[in-house]
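Coordinate-derived values only; no laboratory data. In this text, all values refer to a predicted model and were calculated from it rather than measured experimentally. Neighbour counts are summed over all protein chains in view; Cβ atoms, including those assigned to glycine, are modelled from backbone coordinates with ideal geometry.
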Amino acid sequence: MGTDKATDGLLARIRRCDICADRLPLGPRPVVQLASEARLLIAGQAPGRRVHETGVAFDDASGDTLRTWMGIDRDTFYDAANVAIVPMGFCFPGTGKSGDLPPDKRCASSWRREVLESLRNIRLTLVIGQYAQSWHFGKTHSSVTDTVQRWRELPADTIALPHPSPRNRPWRRRNPWFEADLLPDLRRRVAIALGQESASH
């Protein structure tokens, strides 16, 4: 991984972090992918149980769906020089009645600004799900559906996405514009951000 010394030090501190240990049912295991030269940022929610077990971000069905949406393979996705993965919570927060619990807010307040400032070469940010969208868009964020549907109104270097969880398949069926209109634009912009396609293509 081609990180610089500052990023190496930041990653080392993140991996030792235990500020949320009192609320984590499986204990702390921060899952982050980070390199200073990354060109695409995935701002997600928090690792699920399987990701906690493997320690590999999006190493689950949600990740398979996300990579399909983006139009890239695993090797490209897991090359930190291409893609940074920085969830709102770095550790698995536990499971509630209707899915995983929200990420602990202490994680973002402790780490997020420093991590994002270390990513100096980001060309495109994918903001996934309600917690990341609330943080990144603030008062302009309403519902996930409204935010995602207004993707053309967002800055050219940002795309809002629903969570790629299998639980959201009904949402995708109710919103056919997502696959018909947004995903082709997403794949084009991902390719440009990663230097795989020219902007005029």
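Per-structure values
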| quantity | calculated |
| --- | --- |
| Prolate/oblate/rounded call for the range 94-151, Cα gyration tensor, a/c under 1.5 rounded | oblate |
| Segment Arg152-Leu116, extension gain: residue separation times 0.36 nm, minus the distance between their alpha carbons | 10.6 nm |
| At R0 = 22 Å, FRET efficiency that the Cβ-Cβ distance of Arg74 and Thr145 yields, to 0.05 | 0.15 |
| Computed magnitude of the charge dipole of the chain (debye, nearest 20; Cβ of K, R +1, Cβ of D, E -1) | 520 |
| Inter-probe distance in nm under a simple model that places probes 7 Å from Cα toward Cβ, at Asp185 and Arg169 | 2.7 |
| Whole-Hz ³J(HN,Hα) from phi, Karplus 6.51 cos²θ - 1.76 cosθ + 1.60, for the range 169-174, glycine and proline x | 4, x, 4, 5, 5, 6 |
| Pairwise label distance in nanometres, Ile19 with Arg106, each label 7 Å out on the Cα-Cβ vector | 0.9 |
| Alpha-carbon centroids, the range 94-154 and the range 1-67: separation in whole Å | 15 |
| Percent antiparallel among DSSP beta bridges (both partners in the range 5-193, rounded to 5) | 20 |
| Amide H contacts under 5 Å for Leu161, placed H, 5+ residues apart | Val127, Ile128, Gly129 |
| Peptides 8-17, 129-138 ordered by average Cβ neighbours within 10 Å, highest first | 129-138, 8-17 |
| Residues with amide H under 5 Å from that of Ala84, placed H, sequence gap 5 or more | Arg39, Leu40, Leu41, Ile42 |
